[in-house]
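The values are calculated or read from the model by the stated rules, or taken from the named source; none is laboratory data. None of the values given here were measured: they were computed from a predicted structure. Cβ placement follows ideal geometry from the backbone for every residue including glycine, while neighbour counts extend to all protein chains displayed.
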Amino acid sequence: MSLVVGVGLRAGTSYAELRDLVHRVVTGEVHLVVTIEGRETEPAVQQLADELGAELRTFSKAELAEQPAPTPSEQVDQLSGIPSVAEAAVLATGAHLVTPKQRTANATVATGHLPAPGYEEVERAVVHRVIAERRDVRRGFLDVPIDDELLTRVLEAAHRAPSVGLSQPWDFLLIRERTTRQKVHALAMQQRDAFAASLPADRRTAFDGLKIEAILDTPLNIAVTCDPGRGGRHVLGRHADPRTTWFSAAIAIQNLWLAARAEGLGVGWVSFFGPQEVADVLGLPAHVELVGYLCVGYVDEFAAAPELVRSGWAKRRPLSWAVHQEEWGRRDSSIVEDALHAAQEAVPATGQRVHVIVGGAASDLGRPDVLVVDLREERPEQDFGVLWRPARTPAEAEEYGVEIARDLALQGVGQLDVQVAAGSVVAEALAAGLRTGASACGLSHSSA
Ligand SMILES: Cc1cc2nc3c(=O)[nH]c(=O)nc-3n(C[C@H](O)[C@H](O)[C@H](O)COP(=O)(O)O)c2cc1C
């Protein structure tokens, strides 16, 4: 961080007076000394800049007058028409003030920090572009071997990822052998069938049209693994939350994905297998776990939107739903009110019918179209048919209801049957929220 010293002084102020004032607040290296136009010829200012080895810069009266000086000085204002030369000069550089203004009879000094510079606009645009244009690719791969240098660049990007305590828990197993890929592919097909069998009929038809992997269509598969013990006993930051090790490996994959996109290389992440099944096929040591299985190859083009969006399977969640201010649920606008407004203009949706049982239990999950909302305080056993929403107040329950309906709509649900199993104020509020959320998204709904 670069330090800036702003100086205001009367003509003829001695260097000793100015130096002592500056030394009250400055200990480290100074990047800039700034003052008002005309004062740069003052010997004290020139000597200060020389002694500090800092660049000397000036601002016009008009530029300084625009700055919101926090401790304005009436006297300076009267003399020069600006509120405070020292502070205003620091602010004019773009720095943030860090110490209160210091003064002697003839001089004032303020200090500030210049933030590290961000990238230029065109460079920022590239960063945002690669983030927006990264795609999970499953189709259109070319049967062309991947250039070694390019692959090294991509792996280098992955290997630069942040990791808890710099433990770097990842490894990258490069798989080109077709026989190995065939074995992994067979596992994915089994899991595909199992998932298809778990779906209600209408959803299953939509799923049948989706491609979920490109294991045999790509010249290279990469198994990204995690060694949860890497770094030994005292990995900084891991002791309280061991999941951070897996987060680190996942971030490495994102780095790889972005770098690959920039190189014109398609990447598709396949998770249609139990991690141990793949570990067995690949002969991974027992202490190493699979995090992601990636299909990698050159492609003709990258789609503008996710395949699941283009196929109508799912939609992107708006950022405004995901951002909470200071406390959970406090969004920039109330999601219940938003939903009530949206309901007036909602376009009727089509899609899967889901039967939501509010306050139900896992034993209600007989049919594949049932989703249980469990309101109890104790965490239920993990089951994707059970949404655990231990709402603390009816208002919170209503919001959860709105959100659940909206999230289901994003996942291709078109109709909701709402049933309240356990009669309570909270359950009724959640059911009311479900109905509001459903109306907002154009879902037809009924109460059972
Ligand atoms: C952890 C993880 C697992 C994924 N597993 C699969 C998968 O098994 N099959 C698949 O087709 N896509 C898979 N994807 C890709 C997502 O469907 C995809 O990222 C999402 O639809 C958004 O599309 P986009 O990546 O093109 O923006 C996976 C993505 C992640 C992050």
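Do you know which residues across the stretch 200-237 are assigned to a loop (DSSP other than H, G, I, E, B), of a type in the set (Asp, Glu) and away from the ligand (no atom under 14 Å from the Cβ)?
Of everything in the stretch 200-237, just one residue is assigned to a loop (DSSP other than H, G, I, E, B), of a type in the set (Asp, Glu) and away from the ligand (no atom under 14 Å from the Cβ), namely 227.
Between residues in the stretch 132-155 that are within 16 Å of the ligand (Cβ to nearest atom) and residues that are assigned to a loop (DSSP other than H, G, I, E, B) and at pLDDT below 95, which pairs lie under 6 Å by C-beta distance while being six or more apart or on different chains?
140/300
Note down all Cβ pairs under 6 Å where the first residue falls in the stretch 209-225 and is polar (S, T, N, Q), the second is part of a strand (DSSP E or B), and they're at least six residues apart or on different chains.
Final answer for the pair search is 218/141; 218/295; 218/296; 218/297; 221/175; 221/295; 225/171; 225/290.
Would you check which residues across the stretch 287-312 are more than 8 Å from the ligand (Cβ to nearest atom) and hydrophobic (A, V, I, L, M, F, W, C) and list them?
Scanning the stretch 287-312 gives 288, 290, 291, 294, 295, 296, 299, 302, 304.
For the stretch 330-358, name all the residues that are among the small types (Gly, Ala, Ser) and within 23 Å of residue 312 (Cα to Cα).
339, 342, 343, 346, 349, 351
Please state which one of 136, 147, 143 is at pLDDT below 95 and under 20 Å from residue 266 (Cα atoms).
Working: 136 fails: at pLDDT below 95; 147 fails: at pLDDT below 95.
Only one candidate qualifies: 143.
Would you mention how many residues in the stretch 35-56 are in a strand (DSSP E or B) and closer than 16 Å to residue 103 by Cα?
Summing the residues that are in a strand (DSSP E or B) and closer than 16 Å to residue 103 by Cα in the stretch 35-56 gives 1.
Scan the stretch 238-275 for residues that are more than 16 Å from the ligand (Cβ to nearest atom) and either within 23 Å of residue 303 (Cα to Cα) or surrounded by fewer than 21 Cβ atoms within 10 Å (Cβ to Cβ) (or both) and jot them down.
Answer for the stretch 238-275, where residues must be more than 16 Å from the ligand (Cβ to nearest atom) and either within 23 Å of residue 303 (Cα to Cα) or surrounded by fewer than 21 Cβ atoms within 10 Å (Cβ to Cβ) (or both): 239, 240, 241, 242, 244, 263.
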